[in-house]
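These notes are about the structure you will find just below.
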Amino acid sequence: MKAALLGWVALLLLSGSGPQPVHAEPALEADLCIYGGTAGGVAAGLAAARRGASVIIVEPMRHLGGMHGGGIRIQQDCMYRKDIGGIAKELHEADYALPGGGSANQWQARLMLRKKVEEAGIRCFTEHRLDSREDVVKDGALIKMIRLNHAPIMDEGVPPPQPAKRQALTVKARMFIDASYEGDLLAFAGCAFVTGREARDQYGESLAGQGPLRHFDVDPYVIPGQPASGLLPMISPEPYEPGKASRYMLAYNFRMNGLRDAESQDGQGTPLRPLGKEIDRQRFELVLRGLEKNVGRKIIGWPSSNYARTAMVSSGPPGRQADYPDGTWAVRSAIWREWIDFVKTMNMLCGLKHPVLLKGDYPDNNDFPDQLYVRMGRRLVGAYVVTQHDLMHQTVINDSIGLAYYKVDIYPTRLVADDGKVASEGEMFIRVCPGPYQLPYRSLVPQKGQCDNLLVPVCMSASHVAMASIRMESSYVVMGEAAGIAANHALKAGRTVHAVDFEAVRADLQRAGVVTAWDGTGYGPQGRGPHDAYWTTHPEEYKKIPLRLDPSWAGYVASTNAPGFRVEGFASLEEWKQEKPSFAWLFPFIDANSDGKISREEHQAFQDYKRQHPDWAAALKKKLSDKQADGGGMKTGGSP
């Protein structure tokens, strides 16, 4: 095993993963330059190279693959394998052929991509990055070249705040693809983009904006019970306004596969390096308070291989991810370092005396994950913005380049203070699509005139809600392949990405076996979490275009109390009683229109009322008592 690992390290060093690109020619030329060696970037490179284009891939980190091999694999959360074709299918099959499941054998997963890149004759340069707009040279709306800075990765996988050598490598190309998680090329090329979450009314998305709260019995104030003393560290001061826009998007973390305490479990592992400094107990006071009340890890979700989404604090500093996407590399470097120290501190506070990591996954990084799980970076605001409506099959897409399929999967965005308690905000896990939805070519394309020779298959044009579903590695390789094919057609025809012959692209996609439309079969209620099928609880949002459903949905009985979404509807008083047996008396107050149901809007109105009236329970019980004493009926309403 040890010899095999050393062999893999040698292979990557020989194939360009080390710092040797500094000594390459100062200016390289290619038909296509791909910035970002994620799995999506590799798929794009393979698609273009196999059609005769010369391709260069530039990756800021040490290795190709991004999160594929950085903690998960392409197959992770791929729930629509039957509707994936082309190179994306090839990569999925190669990934499934590797030993272990989606979280195992990270090193082999990276090697699989590296081998395919080498076989395609693609030149690859790692540890090179863009740092500013000055690094992107344009002529009008066309990128002419990018000047890349050599930035060797530091100890424990942290990207350096400043590059070791500026303009160490120049790449000239006729077409460019930004396949990075951050979206630096699209931003520095002058394309419109957004970070954070849009308001609910921007695109008319019912799930958009600041979302539901999950409360924890932990005091949020520096001096317990005294709001004037200020909020504890890790709690956001941004006001909670349901449905409004927010700078906070879904959480990041490292995927800590195999983390365990060597004293409590059998087996050997790689010891995690110590924190090397005293714990900042003032900063971690919230965690200390949570540990005092932590029953079954419901408040402090650690240790955990992923982010424990229903916990108050888990595998990362709450809300810190908001500063990452549009931050400088100095800011990102500090955040990366902070995340590693957070993991080590949580180990100490939670009693892991001898934490060890899975041996062999990251042999050149002491087996600590060297890729922060950037679940969402910048998002292009392109020729078409994919929204919740597209996921719900309520739009007509005439330029589909492939399919995606997953729930709207939003990890907690931040912590807030609410009703004298700590609450996580925004977490949801909701199935809004009855089957795979189409991805339009226009969502990969910047607005016309901003950058006419750039395609964006990772930080593509989508709302936060839509991107929370699209953001899976399986989707990225689908879009990456389409971007590579479209770039090749633009190159051959001498056209911009906006003027490319899409019918020719569509025909090429079909020849490659890419699936661009769902046939209406599969994806029945036997899948993961069918209880939160959104179309069964919110049919009014699916009236524009009749839904196609697999026949297995016939006779399905909906349940509206979906887990992971605190502010939700209830179909009847009986369902409300089942979920909240101690609060049956509240039903008529919340049921504002007296239709015998509680809609999500009515439930949200009641939550707003509670925040405005700390004595809500006593006030409503008095009102109920007064009405009963008068012998009259109760006046109902979301805001009594």
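Sorted on the mean count of surrounding Cβ atoms within 10 Å across their residues, most packed first, peptides 141-147, 479-485, 434-440 read 479-485, 434-440, 141-147.
Where in segment 476-509 does the label zone of Leu98 land, with the point 7 angstrom along Cα→C-beta and an amide N cut-off under 19 Å? In segment 476-509, the label zone of Leu98 (backbone N under 19 Å from the point 7 Å along Cα→Cβ) covers 476-481. Legend: calculated FRET efficiency, Ser572 to Glu278, from the Cβ-Cβ distance at R0 = 56 Å, rounded to 0.05, equals 0.50.
Per-residue ellipticity at 222 nm for the chain, helices alone: DSSP H runs ≥ 4 residues times -39500 (n - 2.57), over residue total, nearest 500 deg cm²/dmol? Kindly include the intermediate steps, with their values, before the conclusion.
Details: 16 runs with 168 residues, N = 640.
After summing the helix terms and dividing by residue count, I get -8000 deg cm²/dmol.
The phi torsions of segment 341-351, fed into the Karplus equation with coefficients 6.51, -1.76 and 1.60 and a -60° offset, translate into couplings of 5, 4, 4, 5, 5, 4, 4, 5, 5, 8, x Hz, rounded to whole numbers, with Gly and Pro shown as x.
Note on Gln202 and Asp595: the model spin-label points, each 7 Å out from Cα along the C-beta direction, lie 2.9 nm apart.
Expected output is a single nm value to one decimal: the length gained when fully extending between Lys492 and Lys115, i.e. 0.36 nm times separation in residues minus the C-alpha distance. What is it? Don't skip to the answer; put the middle values down first.
On the way: separation 377, 0.36 × 377 = 135.72 nm, distance 2.69 nm.
That pair, Lys492 and Lys115, stretches by 133.0 nm at full extension.
Database remark: amide H of Leu142 closer than 5 angstrom to the amide H of Asp452 (H placed geometrically; neighbours at sequence offset of 5 or more, or on other chains; Pro and chain starts carry no H).
Taking the C-alpha atoms only, the angle from helix 600-612 to the longest principal axis of the chain is near 70 degrees. Amide H contacts of His68 (H built 1.01 Å from N, in plane; Pro and chain starts excluded): Ala39 sit under 5 Å, all sequence-distant by 5 or more or on other chains. Per-residue Karplus couplings for segment 79-96, computed as 6.51 cos²θ - 1.76 cosθ + 1.60 with θ equal to phi - 60°, are listed in order as 9, 9, 4, 5, 10, 10, x, x, 4, 4, 5, 4, 5, 5, 5, 5, 5, 5 Hz, Gly and Pro entered as x.
I need the trypsin sites (Lys or Arg not before Pro) found in segment 247-323, filtered to DSSP loop residues with at most 11 other beta carbons within 10 Å of theirs.
Working: sites: Arg247, Arg255, Arg260, Lys277, Arg281, Arg283, Arg289, Lys293, Arg297, Lys298, Arg309, Arg320; in loops: Arg247, Arg255, Lys277, Arg281, Arg283, Lys293, Arg297, Lys298, Arg309.
Counting only loop positions with at most 11 other Cβ atoms within 10 Å, the trypsin sites (Lys or Arg not before Pro) in segment 247-323 are Lys277, Arg281.
Beyond 32 Å in Cα-Cα separation lie the following of the pairs Lys82/Lys344; Lys421/Lys621; Lys115/Lys359: Lys82/Lys344. What separates the Cα centres of segment 121-150 and segment 389-427 is a distance of 32 Å. When all protein chains stay in place and ligands, DNA and RNA are ignored, the 1.4 Å accessible-area order of Phe193, Phe176, largest first, is Phe193, Phe176.
With q set to 0.13, 0.19, 0.20 Å⁻¹, the log10 of I(q)/I(0) for segment 147-233, from the Debye formula over equal scatterers at the Cα positions, is -0.85, -1.00, -1.04. For segment 164-216, which GluC sites (Glu not before Pro) are in a loop by DSSP, counting at most 11 other Cβ atoms within 10 Å? For GluC sites (Glu not before Pro) across segment 164-216 that sit outside H, G, I, E and B with at most 11 neighbouring Cβ atoms in 10 Å, the list is empty.
Here the chain has 52 percent of its accessible surface on carbon and sulfur atoms, given a 1.4 Å probe and all protein chains in place. Here is the P(r) of the chain: all C-alpha pair distances, binned every 20 Å from 0, give 19, 51, 27, 4, 0 in whole percents.
The relative contact order of segment 366-453, computed from alpha carbon pairs under 8 Å that lie at least 6 residues apart in sequence, is 38 percent. Rounded to the nearest 5, what is the percent of antiparallel bridges among the DSSP beta bridges in the chain? Antiparallel bridges make up about 60 percent of those DSSP assigns within the chain. Distant-in-sequence amide contacts of Leu357, defined by a placed amide H-H separation under 5 Å and a gap of 5 or more residues or a different chain, comprise Thr270, Leu272. Which residues in segment 404-420 have a backbone N closer than 19 Å to a point placed 7 Å from the Cα of Phe583 along the Cα-to-Cβ line? So the set is 416-420.
Between Lys544 and Ala504, the distance separating the two model label sites (each 7 Å from Cα on the Cα→Cβ line) works out to 3.2 nm.
List the GluC sites (Glu not before Pro) within segment 83-119 that DSSP assigns to loop and that have no more than 12 neighbouring Cβ atoms inside 10 Å. Here no loop site has a sparse enough neighbourhood.
The values are calculated or read from the model by the stated rules, or taken from the named source; none is laboratory data. Keep in mind the model is a prediction, meaning the values are calculated, not measured. Counting neighbours? That spans all protein chains shown, and the Cβs are built from the backbone with ideal geometry, glycine included. Each accessible area value is taken on the protein alone, full model and side chains, heavy atoms only, with ligands, DNA and RNA left out. Shrake-Rupley method; radii C 1.70, N 1.55, O 1.52, S 1.80 Å.
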